[in-house]
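The values are calculated or read from the model by the stated rules, or taken from the named source; none is laboratory data. Keep in mind that this is a model prediction, so the values were computed, not measured. In this analysis, Cβ positions are derived from the backbone assuming ideal geometry, glycine residues included, and neighbour counts consider all displayed protein chains.
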Amino acid sequence: MISGLPSGDLERYQQRLLTRESELRRSIGQEDPSAPDAEFHSAHLERDLHELQEIDAALERIGAGTYGFCLRCGKPLDRARLELFPAARFDICCMEYEEAEHEHAPLRPSGA
């Protein structure tokens, strides 16, 4: 599957992803886990690491030619969604389904 986005749009999204990736890597490198508000920093670091994973996955999809398509249903992602969140993996309907599915998923023991 080749991305259905014009190459100019694809390059712009890729640049936005790379810029954000760089910002996150800088931020993660500045985190101090021994700071007095370590719990806040830990939650912030976890959120940044998750976003970085999403960005890395989006950059891989660009390289594979699958960027801009929902990973669940395969339909093209709405450009407005990509503008808001260039690392989006799912269209709105599938995202709601995924969230509902994970909300009701049983907790797994660590290492499982």
Checking the conditions here, which among A100, A64 is at pLDDT below 90 and either more than 15 Å from R16 (Cα to Cα) or touching a strand residue (DSSP E or B) at 6+ places or on another chain (Cβ under 7 Å) (or both)? A100
Restricting attention to the stretch 1-17, which residues are surrounded by 13 or more Cβ atoms within 10 Å (Cβ to Cβ) and either assigned to a helix (DSSP H, G or I) or at pLDDT 95 or above (or both)? D9, L10, R12, Y13, Q14, R16, L17
For Y67, the lone unmet condition from (1) touching a residue at least 24 places away in the same chain (Cβ under 8 Å); (2) part of a helix (DSSP H, G or I); (3) of a type outside the set (G, A, S) is (2)
Can you confirm whether the stretch 29-36 contains a residue that is surrounded by 11 or more Cβ atoms within 10 Å (Cβ to Cβ) and at pLDDT below 95? yes
Count of residues meeting criterion [crowded, with 17+ Cβ neighbours inside 10 Å and part of a loop (DSSP other than H, G, I, E, B)] in the stretch 70-84: 2
Suppose we filter R89, R47 for residues that are within 12 Å of the chain's Cα centre (by Cα) and under 22 Å from R12 (Cα atoms); which single one remains? R89
